[in-house]
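Scroll down for the structure; my scribbles are underneath it.
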Amino acid sequence: MRRQEPEMIKIIDEVKSGMISIRAACFKYGLCRNTLKLWMVKASVRTLESKMSKKQNKISDEDMDSKAMERKIHELTRALEHAQLKISSLETLIKVSEEDLQIKIRKKRGTKQSKNEANLS
């Protein structure tokens with residue numbers, strides 16, 4: 001007689017929980033001991049495969065997250081380099097302009113605005 005999977009799982013769970021011994025389960029359900037042990041091994045393998053599959057999916061998700069983070073770090077690093085280059089070029093532009101035009105472009109900290117600049121604001 002061929003057993004359905006839900007019935008096989010029920011029998012295996014009874015044995016694993018200790019409610020019944022392998023020998024008693026074989027007698028109760030009319031099974032060969034080797035058949036019951038084979039079912040138990042197959043159930044363990046399925047459980048192990050399921051756990052490993054979930055673990056691989058989790059690792060895969062972590063790899064994806066890691067790659068996304070690395071990409072973001074690379075983008076931010078490039079943006080920072082660009083901003084530093086822009087600041088450097090603007091500082092050079094101000095310096096050259098001050099030297100060539102003989103005027104002070106940069107203001108000292110703490111200086112008050114002139115009345116004309118205050119009206120423009």
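The values are calculated or read from the model by the stated rules, or taken from the named source; none is laboratory data. Predicted, not measured: the structure shown is a model, and the values here were computed from it. Virtual Cβ from ideal backbone geometry, glycine too; neighbours counted across all protein chains shown.
Cβ separations smaller than 9 Å between residues 6+ apart or across chains give the following pairs from region 82-104 residues that are at pLDDT below 90 to residues that are part of a helix (DSSP H, G or I) and not β-branched (Val, Ile, Thr): ILE103/SER97; LYS104/GLU98.
Scanning region 23-49 for residues that are over 15 Å from GLU5 (Cα atoms), of a type outside the set (Asp, Glu), without any contact (Cβ under 8 Å) to a residue 12 or more places away in the chain and in a helix (DSSP H, G or I) yields ARG23, ALA24, CYS26, PHE27, LYS28, ARG33, ASN34, LEU48. Only one entry in ILE20, ILE73 is of a type outside the set (Phe, Trp, Tyr) and touching an Asp or Glu at 6+ places or on another chain (Cβ under 7 Å), namely ILE20.
Scanning region 4-22 for residues that are assigned to a helix (DSSP H, G or I) and of a type in the set (S, T, N, Q) gives a single hit, SER17. Residues that are of a type in the set (Lys, Arg) and modelled with pLDDT under 85 were ranked within region 42-81; the one that is farthest from the chain's Cα centre (by Cα) is ARG46.
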